[in-house]
Amino acid sequence: KKPRAPHTPYTPPRMKLKQLVGELQGVQTWRHPKSELEQYPTPPDIAAHMLLAADAEDGLEDALVADLGCGGGVLGIGAALLGAAHVLAVDLDPAALEVAAENVEEFEVPVSLLGCDVVQLAMRSGPEGAPSGVADAEGGADAGAAGGAFDIVLMNPP
């Protein structure tokens, strides 16, 4: 190992692909996917690649992230594991959100859940564009709304 120059600040190592895949393998998916909603789980390896690409491009650390069509929450949970300040995970399927809530509780990450159609998300704005009715896994209101603006939007479209 080379010693660091005295003026170089220490930055902790980022999570590597293999470690992130391993973590995301613990994210559960919904029990009965609905074909009419084109539901399918994002495999942990694909989710990890997507997240690390987003992190390399825009930096997830301290970001406010939206996970649209979150399903079980693998992308949002992964973003939180990579240092996102807060994630708003949105899905219109209550069964998927139930699984996502279990995953958020299990991983103890800063992810709030919102049940609505992403097309209608803009219409749910409260004062100054902040989404209204945002509820996290513990039922807290407006968690992570931060003025309605997101630094990064993640989605694995159907």
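General observations
- A Förster radius of 30 Å combined with the Cβ-Cβ distance from Val118 to Lys18 puts the calculated FRET efficiency at roughly 0.45.
- Potential lengthening between Glu61 and Gln25 on full extension [0.36 nm per residue; Cα-Cα distance subtracted]: 10.8 nm
- Per-residue SASA entry for His86, accessible area with 1.4 Å probe, Å² rounded to 10: 30
- The stretch 11-69 pair-distance distribution - Cα-Cα, 10 Å bins, rounded %: 18, 46, 28, 7, 1
The values are calculated or read from the model by the stated rules, or taken from the named source; none is laboratory data. Bear in mind that the values here come from a model prediction, so they are computed numbers and not experimental data. Here the Cβ is made from the backbone with ideal geometry for all residues, glycine too, and neighbour counts use every protein chain on show. Side chains are part of the model used for accessible areas, which takes the heavy atoms of the whole protein and leaves out ligands, DNA and RNA. Shrake-Rupley method; radii C 1.70, N 1.55, O 1.52, S 1.80 Å.
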